[in-house]
Amino acid sequence: MIPSSRWRPLAIVIALCGLPGAIGVRGALADEGGVSFWLPGQFGSLAAVPLEPGWSLPLVYYHTSSDAGGSKDFAIGGQLTAGLDVRADLLFAVPTYAFADPVLGGQLALSMGAAYGTTEVSANATLTGPQGNVLTQNPSDSVTGLSDLYPQATLRWNKGLHNFIAYTMAGIPVGAYETGRLANIGTNHWAIDVGGGYTYLNEKTGLEFSAVLGLTYNFENSDTNYQNGIDLHLDWGASQFLSERVHIGLVGYFYDQVTGDSGSGAVLGDFKSRVAAIGPQIGYLFKVKDRQWYANLKGYWEFDAEHRTEGWSIWLTVVIPLAPSAK
């Protein structure tokens, strides 16, 4: 049985509103500059539930604030910094098409994500090398511009209460980036991510749980001769529907860099990182001119961070249904 249509806008949110790709200023996770291609929290509740066929437009406002003490060094844009304080405000758009005809027994959906916004980064000092010779005290930087592009393909299967997803995603390095800057929105390197996951959805009780596991392979940043290691990430969400229109619950993620950084620019060694996070979520279904829209607010508080900044983030999402499938 395919889940009823009232659940499908929610699936669009979780699969796409978490938004493909990293933000070069996220300060999120180890790798070069403490930044990864994968932005934790992209998947969550209802991740594997089939979508409503046709076009949709998830829009996501994303705010993050994170920092690391002066005793932590980071390689950013070809220079070393001691301590980081990162803030970002970005708006993502992820136009998506879900096919009505089955592919390999499941539902195929294609999307392209991108963001526009501003990031601000400050540090305790910039250094000449790992020994900590100070070049500049308390440097700061900001940038406004476009992110990289993030194409994604997903396949979803439904078996009653059980739903499954397989996905692949890429990072196309066209975003705002400049060697030597503290703040960048683009990553300046290609990346590919693959994974799969599961959703349990009981329409009678309104209970659901989802988890998606993936791996990221990063190509070298040719301007800094820095190649991030392979990253493992787990996103999850659980919620309870209080009515047909409102659900509340928890979201979280775990991120671990399983292989070290490499290249002549990796002057801090393998710089392997990890982080975990948890937070609340609330979602609301509503109609606009007989079309079902969806809004979702979720937040993450990070802990157990290593070789990265640590902080919090807020995601505010609105999913706009566009043209239905031609079939």
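The values are calculated or read from the model by the stated rules, or taken from the named source; none is laboratory data. From a predicted model like this one, the values you see are computed outputs, not experimental measurements. In this analysis, Cβ positions are derived from the backbone assuming ideal geometry, glycine residues included, and neighbour counts consider all displayed protein chains. Heads up: the accessible areas ignore ligands, DNA and RNA and are worked out on the full protein's heavy atoms, side chains in. Shrake-Rupley method; radii C 1.70, N 1.55, O 1.52, S 1.80 Å.
Things worth noting here:
- Selected residue (criterion: nearest to residue 164 (Cα to Cα)) from residues of segment 212-231 that are open to solvent by 70 Å² or more (accessible area, probe 1.4 Å) and more than 17 Å from the chain's Cα centre (by Cα): 219
- Filter result (open to solvent by 10 Å² or more (accessible area, probe 1.4 Å), farther than 16 Å from residue 54 by Cβ and either over 16 Å from the mean Cα position of the chain (by Cα) or of a type in the set (Phe, Trp, Tyr) (or both)) within segment 83-105: 85, 104, 105
- Residue under evaluation residue 214, criteria (1) in contact (Cβ under 8 Å) with a residue 60 or more places away in the chain; (2) within 16 Å of residue 49 (Cβ to Cβ); (3) touching an Asp or Glu at 6+ places or on another chain (Cβ under 7 Å), criterion not met: (2)
- Residue count, segment 264-319 (criterion: touching a residue at least 60 places away in the same chain (Cβ under 8 Å) and within 23 Å of residue 208 (Cβ to Cβ)): 17
A quick yes/no check of all residues on (1) within 30 Å of residue 321 (Cβ to Cβ); (2) of a type in the set (Lys, Arg):
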position	(1), (2)
64	yes, no
68	no, no
73	no, no
87	no, yes
103	yes, no
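- Residues satisfying the stated conditions in segment 243-263, i.e. hydroxyl-bearing (Ser, Thr, Tyr), in contact (Cβ under 8 Å) with a residue 12 or more places away in the chain and either under 25 Å from residue 43 (Cβ atoms) or open to solvent by less than 40 Å² (accessible area, probe 1.4 Å) (or both): 253, 255, 259
- Inclusion of residue 309 among residues that are open to solvent by less than 20 Å² (accessible area, probe 1.4 Å), in contact with a Ser or Thr (Cβ under 8 Å, 6 or more places away or on another chain) and modelled with pLDDT under 95 is warranted.
- Looking only at segment 280-306, and only at residues there that are of a type in the set (D, E, K, R) and under 22 Å from residue 242 (Cβ atoms), the one that is surrounded by the most Cβ atoms within 10 Å (Cβ to Cβ): 298
- Within the span defined as segment 26-37, one or more residues are at pLDDT 60 or above, open to solvent by less than 10 Å² (accessible area, probe 1.4 Å) and either in a loop (DSSP other than H, G, I, E, B) or closer than 23 Å to residue 272 by Cβ (or both).
- When segment 168-207 is filtered for residues that are charged (D, E, K, R) and at pLDDT 95 or above, only 193 remains.
- Across segment 251-270, the number of residues qualifying as within 19 Å of residue 39 (Cβ to Cβ) and not charged (D, E, K, R) comes to 7.
- Any hit, segment 317-324, residues being crowded, with 17+ Cβ neighbours inside 10 Å and either within 16 Å of residue 40 (Cα to Cα) or in contact with a His (Cβ under 9 Å, 6 or more places away or on another chain) (or both): yes
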